[in-house]
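Visitor: Got a structure for you, questions after.
The values are calculated or read from the model by the stated rules, or taken from the named source; none is laboratory data. Note that the structure is predicted; figures quoted are calculated from it, not measured. Here the Cβ is made from the backbone with ideal geometry for all residues, glycine too, and neighbour counts use every protein chain on show.
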Amino acid sequence: MPDMIRWGLLSTARINDALIDPIRQAKRSELVAVASRDLAKGLDYAAAKGIPTAYGSYEDLLADPQIDAVYIALPNALHCEWAVKAAQADKHVLVEKPIAVTLDELDQMAAAAAAHSVTLFEAFMYLHHPQTRRALELIGEGKLGDLQTVQSWFHFYLPPENSSNIRLNAGLSGGSLWDVGVYPNSLSITMLGAGAPQAVWAGQIVGESGVDVAMRGQLHFAGGKVAQISSGFRTPFREGAFVVGDAGILQIPEPWKPGIAGKDSTMILTGRGGSKQEITAPAINPYLCEVQAMETCILDGAAPVVSLDDSRAFLRSVLALYRSAQTGEVVRP
């Protein structure tokens, strides 16, 4: 077993920028290669980012025995194909969210990872951060009492004229729910701890390219718990979350990228009598937490923070939300 993880980036996607520095900052990781479908582009990218090796195809990177793990930040519709190929090449796999866009795809990925004994998990960076872990501890300690509701949202403005953006490409599984809506969806399921919802209802606004540019959903869980989520590309940036119980309310002003700007993040716990307590999480880059989680899985044999069962619950919910938005009916995942 090596004492360092040698990483390769499968694509030159812009989101790589979020992970490059964390890989270099992590004590047991090393960034060694990047792959592009165009060798010249890959070489330019590697030179600009200070990456030692560039490949002109994804297959060439996966064939390199010196690479232990890959980060897949390809368009959503390509995650399954390349995660399976990476696992078959005995590479550990960190897949950008959403891990897959069908349950069959997720089954294929899980089977390949199991067959080749590699780690595979979905890159929900915020779920690895101390702020999120502390929120779950507060729930487990009973600080909020019996949970009733989660409300969460993630929006930003993506101009309609930016038609080449893959987030607006229906053929590549674009749309606000697949892009930023998966965050409030996954937070709701994680905080309520009841698995996938039993029923969902959703409404959407479909944009010029045929993808949802706004999605609003209501998720009903066992025990009467409810989540209300929203996502979109047609408002100024906004984010937030409330976790509501009969003994307290936890407000999370920065749920998705706490610590990313080098500042501590703060949650607010409000008690029944109106008392307020600020709960501070350290200024740790959530993407670094994600890389460190991969290190502990590969090098120490730890279980992933985001299990494939978690990812299955997240995916079942998203698929049901899309079905409901398209049919106007309540859908049971």
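Visitor: Considering each of LEU192, LEU172, LEU94, LEU103 in turn, give the residue that is buried (at least 20 other Cβ atoms within 10 Å of the Cβ) and touching a residue at least 60 places away in the same chain (Cβ under 8 Å). Can you show your working first?
Guide: Numbers: LEU192 fails: touching a residue at least 60 places away in the same chain (Cβ under 8 Å); LEU172 fails: buried (at least 20 other Cβ atoms within 10 Å of the Cβ); LEU103 fails: buried (at least 20 other Cβ atoms within 10 Å of the Cβ).
Just one listed residue meets the conditions, LEU94.
Visitor: Out of (1) part of a strand (DSSP E or B); (2) surrounded by 22 or more Cβ atoms within 10 Å (Cβ to Cβ), what's the single condition that is false for ALA325?
Guide: Single failed check for ALA325: (1).
Visitor: Checking the structure you have, find out if any residue of the range 266-273 is more than 23 Å from the chain's Cα centre (by Cα) and among the polar types (S, T, N, Q).
Guide: Looking through the range 266-273, at least one residue is more than 23 Å from the chain's Cα centre (by Cα) and among the polar types (S, T, N, Q).
Visitor: Check LYS263, LYS225 and return the single one that is more than 21 Å from the chain's Cα centre (by Cα), surrounded by fewer than 16 Cβ atoms within 10 Å (Cβ to Cβ), at negative phi and basic (Lys, Arg).
Guide: LYS263
Visitor: Considering only the range 258-282, state which residues are part of a strand (DSSP E or B), under 24 Å from HIS155 (Cβ atoms) and among the small types (Gly, Ala, Ser).
Guide: SER265, ALA281
Visitor: In the set ILE284, ILE298, ILE249, ILE229, which member is touching a residue at least 40 places away in the same chain (Cβ under 8 Å) and not assigned by TED's automatic domain parsing to the domain that holds THR132?
Guide: Testing whether each residue is touching a residue at least 40 places away in the same chain (Cβ under 8 Å) and not assigned by TED's automatic domain parsing to the domain that holds THR132 leaves just ILE298.
Visitor: Given the criteria farther than 27 Å from THR280 by Cα, outside the structural domain of ALA18 (by TED's automatic domain parsing) and crowded, with 22+ Cβ neighbours inside 10 Å, does GLN198 qualify?
Guide: Taking the combined requirement at face value, the residue does not satisfy it.
Visitor: Name the pairs whose Cβ atoms lie under 7 Å apart, with the first residue in the range 30-42 and under 18 Å from TYR71 (Cβ atoms) and modelled with pLDDT of 95 or more, the second basic (Lys, Arg) and surrounded by fewer than 23 Cβ atoms within 10 Å (Cβ to Cβ), and 6 or more positions between them or separate chains?
Guide: So the pair list comes out as GLU30/ARG6; LEU31/ARG24; VAL32/ARG6.
Visitor: Let me ask something else. For the range 63-81, give me each residue that is surrounded by 22 or more Cβ atoms within 10 Å (Cβ to Cβ) and assigned to a helix (DSSP H, G or I).
Guide: Selection gives ASN76, HIS79, CYS80.
Visitor: So, in the range 227-260, of the ones that are of a type in the set (Val, Ile, Thr) and in contact with a Pro (Cβ under 9 Å, 6 or more places away or on another chain), which residue ends up farthest from LEU319 (Cα to Cα)?
Guide: ILE260
Visitor: Listed residues CYS297, CYS289; which is under 18 Å from the mean Cα position of the chain (by Cα) and either within 22 Å of PHE154 (Cα to Cα) or in a loop (DSSP other than H, G, I, E, B) (or both)?
Guide: Working: CYS297 fails: either within 22 Å of PHE154 (Cα to Cα) or in a loop (DSSP other than H, G, I, E, B) (or both).
Step by step, each of CYS297, CYS289 is checked, and only CYS289 is under 18 Å from the mean Cα position of the chain (by Cα) and either within 22 Å of PHE154 (Cα to Cα) or in a loop (DSSP other than H, G, I, E, B) (or both).
Visitor: Moving on to the next point. Of all the residues that make up the range 5-39, how many are part of a helix (DSSP H, G or I) and of a type outside the set (A, V, I, L, M, F, W, C)?
Guide: To start, the set of residues in the range 5-39 that are part of a helix (DSSP H, G or I) comprises 16-25, 39.
Next, from what is left, pick out any that are of a type outside the set (A, V, I, L, M, F, W, C): 16-17, 21-22, 24-25.
Residues that pass the stated criteria total 6.
Visitor: Restricting attention to the range 58-72, report how many residues are within 16 Å of the chain's Cα centre (by Cα) and either charged (D, E, K, R) or closer than 14 Å to VAL101 by Cα (or both).
Guide: So the count comes out to 0.
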